Amino acid sequence: MKYWLFKTEPGCFSIDDLAAAPNRTSMWDGVRNYQARNLMRDEMKKGDLGFFYHSVTQPGIVGLVSIASEAYPDPTQWDPENDHF
């Protein structure tokens, strides 16, 4: 088992957004850094744990998460309407 750090800005996706998601599960989209993407694709496994980190307004770890599935392609990567395009 490995442990991961999930950094997010609360205005984009917060721990409250995750808690409100169906089954408290959400995809982690918008990753455009190749090294981060490769680690998610090649190293993260279902059942690994992670720290949910808010990076602004009172930075810190705000929750613990569990990896719910193996990696799959980000459906937003080629969407020009997406904020992370």
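The values are calculated or read from the model by the stated rules, or taken from the named source; none is laboratory data. If you're wondering where the values come from, they're calculated on a predicted model, not measured in any experiment. A quick note on method: Cβ atoms are made from the backbone with ideal geometry, for glycine too, and the neighbour counts reach across all protein chains shown. These accessible areas exclude ligands, DNA and RNA; they are computed on the full protein's heavy atoms, side chains included. Shrake-Rupley method; radii C 1.70, N 1.55, O 1.52, S 1.80 Å.
Evaluated against (1) assigned to a loop (DSSP other than H, G, I, E, B); (2) open to solvent by less than 70 Å² (accessible area, probe 1.4 Å); (3) among the aliphatic types (A, V, I, L, M), Met1 falls short on exactly one condition, (2). Mind listing whichever residues of region 4-52 are small (Gly, Ala, Ser) and open to solvent by less than 70 Å² (accessible area, probe 1.4 Å)? Correct list: Ser14, Ala19, Ala21, Ser26, Gly30, Ala36, Gly47, Gly50. The C-beta contact set for region 63-75 (first residue surrounded by 15 or more Cβ atoms within 10 Å (Cβ to Cβ), second residue assigned to a loop (DSSP other than H, G, I, E, B) and not aliphatic (A, V, I, L, M), distance under 6 angstrom, 6+ apart or interchain) comprises Ile67/Lys46; Ile67/Asp48; Asp74/Asp29.
Evaluated against (1) closer than 21 Å to Asp83 by Cα; (2) part of a helix (DSSP H, G or I), Gly11 falls short on exactly one condition, (2).
Residue by residue, here is whether (1) more than 21 Å from Met1 (Cβ to Cβ); (2) under 11 Å from the mean Cα position of the chain (by Cα); (3) outside any strand (DSSP E or B) holds:
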{"position": "Ala19", "(1), (2), (3)": "yes, no, yes"}
{"position": "Asp29", "(1), (2), (3)": "yes, yes, yes"}
{"position": "Gly47", "(1), (2), (3)": "no, no, yes"}
{"position": "Gly50", "(1), (2), (3)": "no, yes, no"}
{"position": "Tyr53", "(1), (2), (3)": "no, yes, no"}
{"position": "Val65", "(1), (2), (3)": "no, yes, no"}
{"position": "Pro80", "(1), (2), (3)": "yes, no, yes"}
{"position": "Asp83", "(1), (2), (3)": "yes, no, yes"}
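Please work out which residue is nearest to the chain's Cα centre (by Cα), limiting yourself to region 31-45 and to residues that are assigned to a loop (DSSP other than H, G, I, E, B) and within 24 Å of Asp83 (Cα to Cα). I'd like the intermediate steps shown before the answer.
Of the residues in region 31-45, the ones assigned to a loop (DSSP other than H, G, I, E, B) are 31-33, 43-45.
Filter once more, keeping what is within 24 Å of Asp83 (Cα to Cα): 31-33.
Details: Val31: 8, Arg32: 12, Asn33: 13 Å.
By that ranking, first place goes to Val31.
Out of all the residues in region 21-66, which are charged (D, E, K, R) and touching a Leu at 6+ places or on another chain (Cβ under 7 Å)? Don't jump to the end; show me each part of the working.
Within region 21-66, the subset charged (D, E, K, R) is 24, 29, 32, 37, 41-43, 45-46, 48.
Within region 21-66, just Arg24 meets the criteria.
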